[in-house]
């Protein structure tokens, strides 16, 4: 058995493993269309390898040689589509169709060219390089790169250069007198060995990227309230703890705002839960749209919401709460589905040294209860803030009135 045949057998096994791995991911996460295309890509890669084993036994190599080329090119095209789906980029159907058609026609035209022709080798390998370049363009358009994404970009560049380097290697050491003798050549051993390295590294990196983003999506969904599309209590507390720790370490101010819809139970009782859900959705949209980009906005449960704003003092928190309160009260009946106006009450507390998230929320809750007891539809501050802040907020109250 030649070295090339041994390496080719390894390639078949590896391609099968990756096809199965991507297939399992696709079954587990049905929305992961990228995994389906990757499974197809590695499945076509297996077909390519099997045809390489068949080629030496053909008297007329042309049909099998064309099938080998087409199978591998199709595998690369499926990989491009899979990456486009994963990175949520427009699928380059037109470019792929043109590249596939042009490449297959070119391959048909060069089938009878001399085996040692450098031009023939370049025309054979260039479509593979162009497919890798198309995949690279998709990644470059994503722009939100992380370590694995950058690694994949580097691998795509290496793969492109690898295909362009094959004609040079074939010219130096020869690739066999005829296609049927390819597997017995030294060139085949080198070519298949390099292919194995790229097959494993590319497949592993792409699989890790898909699984990484799939887990991130699962985590995000587990931390998101499906009705309001805000963080749920678990997500808010987990991210709030981290944000509070960062603010405390950096010595920057932060405020916690707790809000509660006024007389929400009566809305559900009189108009039904569907109308209640509509009011919750409207209020959540106001909180989200009014908040600064760094803010954490969550629905803690029922009609209770919370907003953590790092880098903000009590005055900033008060202005935010008053803006949200006024916007909510001003909603038209067409927006809420209710005949009258709706309102919400707010409680605010500022981060103090040694505060935990639960302590901060408890003080904001106390301020919220006071807003409820004083007539609702208002913003109240935690009473135990330091005097200079209270003085500045008194000036802000005069301005707001």
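Only the coordinates and a few stated rules stand behind these numbers; no lab work does. This one's a predicted model, so the numbers in the text were calculated from it and none came from an experiment. Cβ sites come from the backbone with ideal geometry, for glycine too, and all protein chains shown count toward neighbours.
The radius of gyration of the Cα set in segment 233-400, together with its Dmax, comes out at 15.6, 48 angstrom.
Here the gap between residue 330 and residue 105, fully extended at 0.36 nm per residue and compared with their Cα-Cα distance, gives a gain of 74.4 nm.
For segment 3-222, the relative contact order comes to 25 percent (Cα pairs under 8 Å, sequence separation of at least 6). Residue exposure proxy: 104, 256, ordered by other Cβ atoms within 10 angstrom of their Cβ from fewest to most, comes out as 104, 256. Arranged from fewest to most other beta-carbon atoms within 10 Å of their beta carbon, 212, 143, 378 become 143, 212, 378. With a simple spin-label model that places each label point 7 Å from the Cα along the Cα-to-Cβ direction, the separation between residue 94 and residue 289 comes to 3.5 nm. Cα centroids of segment 267-339 and segment 102-165: 52 Å apart. Each of [x] 131; [y] 121; [z] 182 is a candidate for volume of the Cα convex hull per residue in Å³; the one calculated from this structure is [z].
Considering helices alone, the calculated mean residue ellipticity of the chain at 222 nm is -23500 deg cm²/dmol, with DSSP H runs of length four and up weighted by -39500 (n - 2.57) and normalised per residue.
By other beta-carbon atoms within 10 Å, ranking 80, 7, 137 with the fewest at the front produces 137, 7, 80. Peptides 168-175, 269-276 ranked from most to least packed by the mean count of surrounding Cβ atoms within 10 Å: 168-175, 269-276. Rounded, prolate or oblate: which one fits segment 217-326, using the alpha carbon gyration tensor with axes a ≥ b ≥ c (rounded when a/c is under 1.5, else prolate when a/b beats b/c, else oblate)? Taking the square roots of the gyration eigenvalues as a ≥ b ≥ c, segment 217-326 is oblate. Relative to the longest principal axis of the Cα atoms of the chain, the long axis of helix 93-110 lies at roughly 10 degrees. In segment 233-400, Cα pairs under 8 Å separated by at least six residues give a relative contact order of 28 percent. For the chain, what's the relative contact order in percent, using C-alpha pairs closer than 8 Å and at least 6 residues apart? Relative contact order for the chain comes out at 13 percent. For segment 3-222, the Kirkwood estimate of the hydrodynamic radius, built from every pair of different alpha carbons, is 17.9 Å.
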